[in-house]
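One structure is given below, encoded as structure tokens.
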Amino acid sequence: MDLFEYQGKQLFARYGIPVSPGAPATTVAQAVEEADALGYPVVVKAQVQVGGRGKAGGIKLANDAKEARAHADAILGMDIKGHVVEVVWIEKASDIAEEYYASFTLDRGAKLHLGMLSAQGGVEIEQVASENPDAIARIHVDPVDGLSTEQCREWVESAKLNPAATDGAVEVLLSLWRAYTEGDADLVEINPLILTPDGRVHALDAKVTLDDNAVFRHPEYVEYDATQVRDARERFAHERGLQYVGLEGSVGVIANGAGLAMSTVDIVNQVGGAPANFLDIGGGANADVMAGALEVITSDPDVRSIFINIFGGITKGEEVANGIVQALDRVRIDPPIVIRLDGTNADEGRAILQPHLSDKLRMEPTMLDAARRAVALAGDGKAS
Ligand code: GDP
Ligand code: MN
């Protein structure tokens with residue numbers, strides 16, 4: 001789950017990372033009111049989950065109420081790389097002496113956490129990494145040991161920041177480490193982390209990705225979930241408790257288990273088709289779950305065929321088959337459906353489906369056959 005900048009800053013503040021005072025606003029009037037309350041100059045910042053807002057005109061300095069009004073008016077509703085701005089964050093403007101970059105994320109290859117710190121902040125870190133990789137000081141942190149103050153100080157010193165920033169940066173990074181680990185984040189990034197002319201180190205931007213699997217440990221994250229930007233199909237699926245990711249193609253995919261769902265997406269591609277989605281219905285496959293999944297899939301107008309790929313494990317074949325038959329009684333499905341049913345009690349399940357088979361509901365013996373059939377029915381044509 002990705003947070004907006006203002007939510008990331010609120011999270012940072014809870015861990016003691018210095019951020020500028022500010023407030024979110026959804027209307028021009030509210031933006032001006034907040035700016036007046038903060039005192040000028042303020043910065044008006046577009047809240048969209050995409051980088052490079054500054055360059056796109058989504059970040060503006062306002063010296064008085066008139067400018068705040070003009071900027072809020074221009075930025076609210078602005079389209080930044082396909083993201084429409086619905087919220088602006090108004091914050092007290094900072095004086096900047098230097099801009100740095102700091103982040104923690106997981107290095108899966110190394111099986112360790114990775115901290116990155118650079119004296120070249122304020123620009124995309126990918127650009128620094130490709131043009132001047134030595135300008136990024138990296139540190140690997142063992143999750144069992146954690147980050148000690150000594151390690152952190154050594155790391156900061158190796159980044160060659162302005163010496164005036166060293167103590168402040170150590171403090172911010174130790175707090176950032178806590179926000180990352182205790183806050184169950186997959187990524188925390190501050191770009192820019194600034195040094196002010198009077199020697200304070202301060203977060204001017206915040207990019208945070210929280211681990212969805214840890215949300216249950218943080219009741220306060222419910223409010224972030226409410227503001228998640230999901231496409232209409234994903235919202236529909238989320239309301240039904242289904243793991244759904246919208247894709248661009250025309251073959252709707254339903255599978256049980258994330259691994260099988262991913263393999264199903266892959267095999268559709270492999271035989272020349274294009275999946276419309278990833279959808280994992282999880283362990284059970286009763287009529288409710290199946291009907292919900294079919295509703296979500298068919299709410300996508302691009303779907304021209306549906307591939308249901310089930311491997312019975314703890315969920316038995318006959319339960320799945322009954323779930324499908326009952327679901328088809330309840331929801332009207334226009335695109336043709338191709339089923340592959342295997343695993344525990346597959347024969348019993350197939351026997352239940354047999355009398356219901358037609359042009360609109362087909363069964364294939366293998367995953368590959370079913371993928372080819374579904375792709376052919378979607379009219380993608382490349383299947384052999
Ligand atoms: P991004 O472009 O989406 O990464 O947005 P940022 O929040 O990182 O802002 C982009 C740039 O705007 C920063 O690197 C700063 O140079 C500038 N900026 C943002 N806030 C302030 C501020 O309070 N004062 C000043 N002087 N510049 C700011
Ligand atoms: Mn930034």
- Task: Measure off 7 Å from each Cα along the Cα-to-Cβ vector at ARG235 and HIS356, then give the distance between these two points in nanometres to one decimal.
- Result: 3.1 nm
- Please give the contour-minus-distance gain from MET262 to THR209: 0.36 nm per residue of separation, less the Cα-Cα distance, rounded to one decimal in nm. 16.8 nm
- Cα-based Rg and Dmax for the stretch 175-321, in Å, come out at 20.0, 71
- Rounded if a/c is under 1.5, else prolate if a/b beats b/c, else oblate: with a ≥ b ≥ c from the C-alpha gyration tensor eigenvalues square-rooted, which is the stretch 252-384? rounded
- Message: Full-extension gain between ARG217 and ALA37, please, as 0.36 nm times their residue separation minus the C-alpha to C-alpha distance.
- Response: 61.3 nm
- Could you grab the relative contact order for the chain? Cα pairs under 8 Å, six or more apart, rounded to a whole percent. 12 percent
- Message: What does the charge count around VAL87 come to, taking other residues whose C-beta lies under 11 Å from its C-beta (Lys +1, Arg +1, Asp -1, Glu -1)?
- Response: -1
- Note on the structure: With the 8 Å Cα cutoff and a minimum separation of six or more residues, the stretch 305-384 has a relative contact order in percent of 36 percent
- Task: Calculate the spin-label point distance for HIS140 paired with GLN228, positioning each point 7 Å from the Cα along the beta-carbon direction, and give it in nanometres.
- Result: 3.2 nm
- Mind putting together the pair-distance distribution for the stretch 307-356? All Cα pairs, 5 Å bins, whole percent per bin, short to long. 5, 22, 32, 25, 11, 4, 0
- Message: Let me see the P(r) profile for the stretch 106-190: every Cα-Cα distance counted, bins of 5 Å, each bin given as a percent of all pairs.
- Response: 3, 14, 25, 27, 21, 10, 2
- Give the residues of the stretch 273-312 whose amide nitrogen is closer than 12 Å to a point set 7 Å from the Cα of VAL245 in the direction of its Cβ. 277-280
- Task: Please state, rounded to one decimal and in Å, the Kirkwood hydrodynamic radius that the stretch 13-171 gives when every pair of distinct Cα atoms enters the mean of 1/r.
- Result: 17.7 Å
- Taking amide H positions as placed 1.01 Å from N in the peptide plane, with prolines and chain starts having none, which residues 5 or more places from VAL141, or on another chain, fall under 5 Å of its amide H? HIS113, LEU114, GLY115
- Task: Using only alpha carbons, build the gyration tensor for the stretch 198-256 and give me the equivalent ellipsoid semi-axes, biggest first, whole Å.
- Result: 33, 16, 10
- Message: A 25 angstrom limit on the alpha carbon distance is what I want to check against. Which of LYS45/LYS81; LYS60/LYS81; LYS55/LYS160; LYS111/LYS160; LYS55/LYS111; LYS55/LYS92 exceed it?
- Response: LYS55/LYS160; LYS111/LYS160; LYS55/LYS111
- Where does the chain land at 222 nm, in deg cm²/dmol rounded to the nearest 500, when only DSSP H runs of n ≥ 4 count, each adding -39500 (n - 2.57), divided by all residues? -10500 deg cm²/dmol
- Query: Quick one: in the stretch 115-258, what % of C-alpha pairs are over 28 Å apart?
  - Reply: 37 percent
- Task: Taking every pair of alpha-carbon atoms in the stretch 318-384, give the share separated by more than 18 Å as a whole percent.
- Result: 38 percent
- At R0 = 30 Å, FRET efficiency that the Cβ-Cβ distance of ARG14 and ARG108 yields, to 0.05: 0.65
- Item | Karplus 3J(HN,Hα) series, Hz, for the stretch 237-251 with 6.51 cos²θ - 1.76 cosθ + 1.60 (x for Gly, Pro) | 5, 4, 4, 9, x, 9, 8, 10, 10, x, 10, 9, x, 10, 9
- Item | For the chain: Kirkwood Rh in Å [reciprocal of mean 1/r, alpha carbons] | 23.7 Å
- Using 0.36 nm per residue, how much length does the chain from LEU61 to ALA74 gain when fully extended, once their Cα-Cα distance is taken away? 3.4 nm
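Throughout, read-outs are computed from the coordinates displayed, never taken from laboratory work. Keep in mind it's a predicted model, so treat the numbers as computed, not measured. All Cβ positions, even for glycine, are placed from backbone atoms using ideal geometry, and neighbour counts span all protein chains on display.
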